[in-house]
Structures are given as C-alpha cells and as structure tokens.
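In what follows, a single structure is set out as structure tokens and then discussed.
The values are calculated or read from the model by the stated rules, or taken from the named source; none is laboratory data. Quick caveat, the model's predicted, so the values are computed rather than measured. A quick note on method: Cβ atoms are made from the backbone with ideal geometry, for glycine too, and the neighbour counts reach across all protein chains shown.
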Amino acid sequence: MSLVNLAHVCSHLQNASKARLGLTSIPVSKMHVNLMLGLQREGFISSVTLGGTTPPTPFLLQDQIDPEEHSDMAQKLAAEPWAAYPSAEAKSGNLLGGREISYNVKVPQNPARRRLWLGLKFWNNEPVLKNMKLVSKPTRRIWLTSEDLGRITRTREAAYVKGLTHPGECMFLTTDRGILEARECVERKLGGMALCRVY
Amino acid sequence: MSVCRPVRCLFASASLPKPASAPKRSFHASAPRAARKRRPHYPSIKAEDLKLLNQVAETNYPKYDTSETALLEKRYTPAQIVAIKAAETAIDSRDIVTQGRRRTDPWLLPYEDDLAEVDPVTDHAEKLDPSDIPGSHDFKDVNEEERDEAITFLANENLAKMFPDGLPEGELSEDTQRQLEEAMGTAVTQAVLDPRASFRVKNVHAAAALSDPRHSIVMPDLPRIDNRMVRQTRRLSSEEEEDPRQKRLLQYLNWDKQKLRSIRVKTLVVHGVTNQTRMGKIRSLYYLTIAGNQDGLLGVGEGKSTEPDEGRKQSVMAAIRNMRPIPRYENRTTYGDLEMKVGATKVQLFSRPPGFGLRVQHLIFELARAAGLQDLAAKTPRSRNKMNVIKATWEALCNQKLPDEIARARGKKLVDVRKVYYGGSVH
C-alpha cells in the first residue's frame, strides 16, 4: 500500500477544486475507492463512479434514449397511447420503487485502463473540498489509538498530529474495519493509521 | 497564653530539665542582636504630653452636651441615638488627633463632607417626600371662579417680588413701559403654572409643599458656573462646524451623530509618501484607520492627502463606511482557526477558550478589540508589514465559514446541542 499515489490524489483533488472542475478522475485502487466513498459519506464529493479513460455519460444524459429507440417508441405510442402512463406491471418490476438509479457505464476489461470518476461539489461559489493533505507520509506512517483520536477530534494535539481545529475538518484512517472518519473511530473505539485530513 | 500557665511552670520547675546554656560564640564581626539598641514599636509618650493630648482631643472633639442631645432626640429614634452614642465611644478622640489626617489632594471637596452643607454641583439636591408634610394631604380641584381669583392673587404676589419698591407710576418712558408689560406677562404665566392656582388645599403645609422645589420630582437645574475659564472653554452647538463629509456619511449609513460617536476609531499606520513628478517631489501623508463598534462590526479605511488632517479624516470616514459584520463564536472568539494571505504577509488566527484573552500582536489586538473579540491567539509567520497585517486580519475575520454553511454545503444536518443542554442560554 503506497501512500505516494494517495499524495498525488490529494493534490489532484485540491487542484481540480481550484480549477472549478465538475468531474475528475483518479487511478483506481481499493484504498482510493474506500477513501472516496468515505469522502462521499461526509459530503465532500457528490459521486464516485468506476469508468474508463473517457468520462462516464453525465447523469442527466444517461436517462435519455438513443434516436433509434426514440423512433421505435414513437411508433409504439401511436399504436398504444396508454403506454405513456406508468402501469402496475412496470412498477412491480422495479424493486426499490425507483429510488435506485442504475447507470450503464462501460468499464474496461483491462484494469490498468480503469479510472475512478469523482463529482466535485461547489456551494456559494466556493469548492466544498478546499484542502486535502496527507497525515502519514510514505516514509513515516502514523498510527493513532482511539484515545489519541479522542484528543485530536477535540482540537488538541496528540501523537504529533495537530488537532482538527478548522471548522468542519475531517481526518480519515485505515483501520481493520475499513477506512473510517476519525470521529467514527472514536465512537467505535478503534485505532488505525492516519491517511489524510480534509476541510 | 492561658492564666494557669505560670502556675503550672511553678509546680513543674523541679522536674523539667533546663536547657544547657550553650557558649555564645559569634560567627561574624557585627554586634549580636541583643547588643543592638532595641526600639519600641510605638514611641513612648510622656505623661505630660498625654495630658496635653487629652486636652486637645477634648477641645477639638467635645462630647455631645445636653442641648445637642436634645436636638438629636428630635430627629432620631431612641434606638438610633443609642447607635450614634456607641459609634461615638467606639472611636477614641485622641486617636483622631494623633492619626486623623485631612485631605490635601487636588481633588478634595471645597467643604466638609459631613452632610452639613450641600454643594449644588457635586451633591444631589435635598429631597422631601409626602411623609414630611404634617397634617392631611387632601386637595380639591378648584372651580373656574376660584381659579381666576387664585391666579390674580398669585400674579400680584409675583409682581410684588419683581418690583419690591412698588410698581413705577406716573409718566413712563418707553423702556420702562415695555419692561413693565413683560414683567406682567411673566407674572401671569407663572401664576397659571403654579399648582396653587389649580388645587385648593386646606392644610397650610401641604399648600406650601405644592410650590416647594424640594417636593418636585424634577431635578433642579445645575447652577450656571460663570468664571473666565468657563467662558473661554464654553462651546455652543451653533458654533460647531458641520463637516460636510461627516454629514454625507451619516446620510449614507442612515445613522445619527450619537451612534457615530459610539464607534471606536483608531489610526494605526501613518507614513509619508512622495510622488515624483517632473515639477519635483510631492509629499503627502498616508493614513490607515480601523473602526469598530466593539460588537461585531469592523472596518478598515485608508486615506492620503498632502494635508495631514484631510488624509486622516478621509481614512476615518472610509473605515466607518467599510464596516462589515464579523461572525463571532459565543460573541467572544472566531469560528475555528483562520488563515489569510495578503502579499507576502500571512496571518493565522486561532480561536481560544473563554478567559484566554487577546494574546496577539498589537495591530491584531486593536482590530480584535474594535470588533469585540475577547479570546484569540495569532501568528504572523512571514512578513509583518503593518498595512498588510491589518488587511489580512480583517479579510480573515470577515470571510469566516460558519458551521451551518459547511453543513449545508456537505448536505449534513447540524444541530446545536448547547441550546438543548444549557436551556438555550448560549449566544
């Protein structure tokens, strides 16, 4: 598990936010995926999608249908106009009541060509994710106990890690229960290796 | 020490071992303590002097004699008189003679502060309340006839006061005629305003109390002090010059002068600048001023002019006009740590717990005080250019991210539990 790639991801996300990008991609690894899902859970990014070298189709366009299908549908509707309304049969087929959105994204067979596509968030003309930095370095890993984390989340310094003093600051750690946020680790009394801090 | 101690010593003396008297050897050249002349803590007073002291104390601070106690009894209850006498005996008059000191400082009052005299400027005017009026307090509203009668009577009384030698009679010059008319006018007005004209009171004391200023709830005017010093320093509101710039500012802010006066203004940076033209150097002065209401508003303004006063005024007006709200956590510190960079200057501000104080450098201190922040720490790790430090601090304080906003941006729900736990008694 190299932290060099994570360092690249951190600075890339900062740069992408500064450039006001809506969508950006990072190399895929298990740690990246889990960390990005953690970021999404904390609300720093809007979407995490596995895809290829080209960005996945934007969500708004994914629901659109191709022009050929469109002409087929027009013919069908001319014959049976009632098909425009949702029927009981169609509803029963949808298990989650339309809440789950499934995207038909093409993922390359070759793992080296896979990318993780992230949707960045902006609010009040400002990026939501402004700062993302490594805590452990490739040459110096830092492991924190749950006591240390309790002190750090209360803005005090512990184990040479500065407290989370910025408003809304988060720290992510890898634990034996996966990648978790520092406050969650305190709640579950878990220690782990600090990865990065975000605000 | 108890009383029986010496007795116990008597009985026990035989059995107690006496400490062996060690040979007294001095380890240094100076005389031992016992050999030095011992002075008593208090100077001993000779019997003659004591007699003289007693005499002085008796003449300067005599005891109450019978006539005085009789006067006291009229004013005070027996219990109060007992207390007064106890207080008198508690202090020895000889102590007052030996230790008592009179004030000599420049702020001492021009009269004895024992309530025997009342100074109209420094003291409150004497007040009387209804319990001081003997007899009944009943009064009746007068009817119209009685009112006219009373007004005539009172007007005559007032006129008599104004002309103690009697009204001028016979052929009158124009001046005297006008004076007389004016005096009659005031006498009648005073009579109409007099409460005796509108109420009829049987009790003589109550009637007198109606026109007694000591019974009025309105405080009497302060006496007009008239000497050379006062005349020279007196300023009239009509003489005061209206600054057109200030007037415009007040219009812009929709404030009155009172509110403008409550703003704390301080000029923090002054330096000369020169503009090199082909005619030569043009010198002018640059000012940087901050303004704040000490309750969450802070502004920074700059001004520059060849006239020192003009530039200063410019900067003050700009600072007040630029005032912006500053979010404060619990009205005392910032929301988390802040960082701002202006030019080569970087300012880091750290929020701190209650009672920490303003442990920051002087410029940031002035800004924090003007904004009403009480707990703050700061670092200026890079350049400490005064102007840039001020601007960076101001920017940092203005552009704080509030927790509510952060929660909205991340799509989280935020609840302030302090409002629940402390019964809503938080800022």
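Points worth noting:
- Count of region B:119-177 residues which are of a type in the set (Ser, Thr, Tyr), assigned to a loop (DSSP other than H, G, I, E, B) and under 27 Å from B:VAL192 (Cβ atoms): 1
- Residues (under 26 Å from B:THR59 (Cβ atoms) and hydroxyl-bearing (Ser, Thr, Tyr)) located in region B:77-120: B:THR89, B:SER93, B:THR98, B:THR104, B:TYR111
- Spans of helices (runs of 4 or more DSSP H) in region B:214-275 with at least 1 residues over 30 Å from B:ALA319 (Cα atoms), assigned by TED's automatic domain parsing to the domain that holds B:ILE390 and over 22 Å from the mean Cα position of the chain (by Cα): none
- Conditions (1) assigned to a loop (DSSP other than H, G, I, E, B); (2) at pLDDT 85 or above: number failed by A:THR57: (2)
- Exactly one residue out of B:ALA319, B:ALA371, B:ALA378, B:ALA392 is within 14 Å of chain A (Cβ to nearest Cβ) and among the hydrophobic types (A, V, I, L, M, F, W, C), and it is B:ALA378.
- Matching residues, region B:309-343, being buried (at least 17 other Cβ atoms within 10 Å of the Cβ) and among the basic types (Lys, Arg): B:ARG312, B:LYS313, B:ARG328, B:ARG332
- Residues within region B:390-427 that are over 24 Å from B:ALA371 (Cα atoms), modelled with pLDDT of 90 or more and of a type in the set (D, E, K, R), tallied: 3
- Positions within region A:42-56 being of a type outside the set (A, V, I, L, M, F, W, C) and within 12 Å of another protein chain (Cβ to nearest Cβ), in sequence order: A:GLU42, A:GLY43, A:SER46
- Hits in region B:175-193 - residues which are loosely packed, with under 15 Cβ neighbours inside 10 Å and over 15 Å from B:PHE163 (Cα atoms): B:ASP175, B:THR189, B:VAL192, B:LEU193
- Set B:PRO110, B:PRO168, B:PRO106, B:PRO164: member being touching a Ser or Thr at 6+ places or on another chain (Cβ under 6 Å) and either without any contact (Cβ under 8 Å) to a residue 60 or more places away in the chain or among the charged types (D, E, K, R) (or both): B:PRO168
- Scanning region A:60-97 for residues that are closer than 30 Å to A:ILE26 by Cα and modelled with pLDDT of 65 or more turns up A:GLN64, A:ILE65, A:ASP66.
- Cβ pairs under 9 Å, 6+ apart, first in region B:397-414 and within 7 Å of another protein chain (Cβ to nearest Cβ) and farther than 10 Å from A:VAL128 by Cα, second of a type in the set (Val, Ile, Thr) and surrounded by 16 or more Cβ atoms within 10 Å (Cβ to Cβ): B:LYS412/B:ILE406
Yes or no, residue by residue, for (1) surrounded by 21 or more Cβ atoms within 10 Å (Cβ to Cβ); (2) more than 14 Å from chain A (Cβ to nearest Cβ):
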| residue | (1), (2) |
| --- | --- |
| B:TRP255 | no, yes |
| B:ILE263 | no, yes |
| B:THR267 | no, yes |
| B:THR277 | no, yes |
| B:ILE282 | no, yes |
| B:ALA291 | yes, yes |
| B:THR345 | yes, yes |
| B:PRO353 | no, no |
| B:LEU363 | yes, yes |
